[in-house]
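Heads up, the thing below is written out as structure tokens.
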Amino acid sequence: MDALVTCLVAAVAVLAVVVVVVRVRRRPSGRPDGQPAEPPRGGPLRLTPGDRVRIREREYAVSATIRLVEGDWSWVQHLLDDDSGTRHRLSVEDGPELELVFWTAEPGATVTPGAPTIELGGRRYTWAETGQARYTATGETELPSAGTMRYHDYQCGGAARLSFEAYGEEGWRVARGDLLDPADLTIRPPRA
């Protein structure tokens, strides 16, 4: 009887892990073909290369846009240039609430994804989700115009994020992120 109870507990634990890993945190895109729903004109989902944004006290030019689709959920990443040479991006998830994350590349990071927790820069990040998405890219991305992207996302506290992304067969790109309040973002008119 003890063996049966142990097997049942183990089966429930495995099922719980599978549910967490495959959880549907993603929200429907609003279109049956899996493409992003049309956002309000001028919002952060609609940014295109050449547009300008102000995030907190710095201004950035949008150099590229990557649109991603995973199942019935979609999101956008805008690559940002501030002439410093540091790679930044703004991810935009539209659901019940708009989620904006400002990412800064960590090209020298030696950590790899997969562990339940990762330490980087004095912070301990906890695994949040893993997946694979299809993407289309426009602008200066150094990527093919379409393909697949794998990711592992981690969180620390309420606002700190850590991301691992691999496009196609390339190695992992590591970035640290900060959750933004929508008031932290201002969309500026493009420079003439």
(message) So, R0 is 25 Å and r is the distance between the beta-carbons of VAL111 and GLU170; what FRET efficiency does that work out to, to 0.05?
(response) 0.90
(message) Taking 0.36 nm per residue of sequence separation and subtracting the Cα-Cα distance, how much length would be gained by fully extending the chain between THR48 and ALA159, in nm to one decimal?
(response) 37.4 nm
(message) Sort 108-114, 84-90, 147-153 by the packing proxy (mean of other Cβ within 10 Å over each peptide's residues), most packed first.
(response) 147-153, 84-90, 108-114
(request) Could you let me know the centre-to-centre spacing of region 71-109 and region 118-164, using Cα atoms, in angstrom? (result) 9
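Here, each number is a calculation from the coordinates, and none is a lab measurement. All figures in this text were calculated on a predicted structure; none of them were measured in a lab. FYI the Cβ positions are ideal-geometry reconstructions off the backbone, even for glycines, and counts take in every protein chain you see.
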